[in-house]
Amino acid sequence: MIIGHKEQQEKIRSLFEKNEIPHALLFSGPGAVGKKTTAFWFLKMISCEGRDKPCGECRSCYEIEENIHLDILQVFPEEKEIRLKQIEEIIERISYKGAKSCYKGVVIDEAHLMNVQSQNALLKTLEEPSKDTVIILVTEHPYSLLPTILSRMFEIKFSLVSEKEIGKSLKSNEIADLSFGKPGLAINYLQFPEKKKRAENLKKEMNGMFEKDFSFRFSLIKKATDEEKGEEFLECLLKAMQIEMHKRIKEKKETKDFLQAIKEAEEAIFLLSKTNINVRLALEKIAIKI
Ligand SMILES: [Zn+2]
């Protein structure tokens with residue numbers, strides 16, 4: 001299910017209908033908003049054997065949904081890295097003639113985690129594109145990709161989805177409230193009530209945090225990291241900081257340090273996706289500035 005992103009879907013559909021499908025696409029934007037779901041929707045559409053594409057009922061749509069389609073491949077990071085051998089394997093597989101459909105599709109998830117060797121190997125394939133292959137890079141951090149890769153991609157940008165739209169689609173405003181505009185997160189809360197409970201507790205704990213001194217914030221950070229919820233805390237903190245920032249601007253308060261803290265939180269989230277940084281240390285550095 002894709003929640004939101006109507007504009008992006010229309011753009012992709014029009015490329016398909018005009019028979020102008022790019023051989024390399026970049027789906028960029030925040031995490032858990034539906035980039036990968038849209039990538040598979042697109043691959044279903046170009047491989048669909050039904051009339052209203054994607055029909056969701058034909059063999060091809062079914063096999064893509066079940067992740068058993070022989071011509072649709074996925075690459076995931078292993079231990080926060082996409083290694084050369086993974087890309088080489090994919091390149092080899094797409095060099096064969098398609099098993100069933102006229103298109104072969106590759107989705108590289110968290111593409112920013114390709115190391116330089118992997119990116120260079122992929123670049124060679126992008127330089128000599130095969131017209132029956134579509135490669136989709138999905139990433140939150142496109143600026144981590146080589147400019148030579150970026151220049152060969154057709155970019156579709158994704159953004160956060162309004163909480164109203166998420167609430168309407170999932171018939172739960174309560175869950176939408178906790179989702180930060182990320183439908184993937186909302187669906188996760190719907191499927192796993194214990195995760196929803198945790199998010200609710202975190203939100204409650206953060207209430208009034210900016211009015212209190214940093215010993216209070218440090219105790220929250222200690223509790224969260226002791227319970228191994230540092231990453232969730234950081235995401236939640238960033239969202240709370242963005243809301244607080246708007247408030248401070250409205251009230252014409254000094255925001256320089258606060259803005260710096262927001263930048264540090266964004267950077268920490270990025271670093272966490274690539275490496276094993278010390279979350280507690282990163283959070284404490286931010287907590288001093290807010
Ligand atoms: Zn179909």
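No value in this document is a laboratory result; all are computed from the given coordinates. All values derive from a computational prediction rather than experimental measurement. We place every Cβ from the backbone using ideal geometry, glycine too, and count neighbours over all the protein chains shown.
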Show that you can apply the helix-only estimate: for the chain, add -39,500 (n - 2.57) for every DSSP H stretch of four or more residues, divide by all residues, and state [θ] at 222 nm to the nearest 500.
-17000 deg cm²/dmol
Might you report the magnitude of the Cβ-based charge dipole of the stretch 104-234 about its Cα centre, with Lys and Arg at +1 and Asp and Glu at -1, to the nearest 20 debye?
260
Can you flag which of Lys182/Lys239; Lys6/Lys247; Lys6/Lys168; Lys157/Lys203; Lys6/Lys35 are past 19 Å Cα-Cα?
Lys6/Lys247; Lys157/Lys203
Using a 10 angstrom Cβ neighbour count of at most 10 plus a DSSP loop assignment to flag exposed GluC sites (Glu not before Pro), which longest range of the chain is free of such sites?
80-227
Per-selection Kirkwood Rh - the chain (Cα, Å, 1 d.p.):
20.9
Any aspartates and glutamates with Cα under 12 Å of the Lys222 Cα? List them, leaving off those in the same chain fewer than 8 positions away.
Glu284
Counting Lys and Arg as +1 and Asp and Glu as -1, each charge on the Cβ, what is the dipole of the stretch 55-153 about the Cα centre in debye, to the nearest 20?
380
Rg over Rh [alpha-carbon atoms, Kirkwood Rh] for the stretch 23-138
0.96
Quick check: the angle from helix 214-226's long axis to the longest principal axis of the chain, C-alpha only, nearest 10 degrees?
40
What do the square roots of 5 times the Cα gyration tensor eigenvalues come to for the stretch 196-289, in whole Å, largest first, as semi-axes of the equivalent ellipsoid?
21, 16, 12
Starting from the Kirkwood radius over alpha-carbon pairs of the stretch 89-151, derive D by Stokes-Einstein at 4 °C in a medium of 1.567 mPa s and give it in µm² s⁻¹.
105
Which percentage, to the nearest 5, of the DSSP beta bridges contained in the chain is antiparallel?
0
Taking 24 Å as the cut-off for C-alpha to C-alpha distance, list the pairs among Lys164/Lys212; Lys197/Lys223; Lys197/Lys285 that go past it.
Lys164/Lys212; Lys197/Lys285
For the chain, find the longest principal axis of its Cα atoms and tell me its angle to the long axis of helix 193-206, 0 to 90°, nearest 10.
40
Could you list the square roots of 5 times each eigenvalue of the Cα gyration tensor of the stretch 1-70, that is, the equivalent ellipsoid semi-axes, sorted largest first and rounded to whole Å?
19, 15, 11
Would you mind working out the magnitude of the charge dipole of the chain relative to its Cα centre, with +1 at each Lys and Arg C-beta and -1 at each Asp and Glu C-beta, to the nearest 20 Debye?
660
Mind telling me which of Arg93, Arg51, Arg217 comes out most flexible in a GNM of the chain, alpha-carbon contacts under 10 Å?
Arg51
Taking Cα atoms, the helix 6-17 axis meets the longest principal axis of the chain at an angle in degrees (rounded to 10) of 10
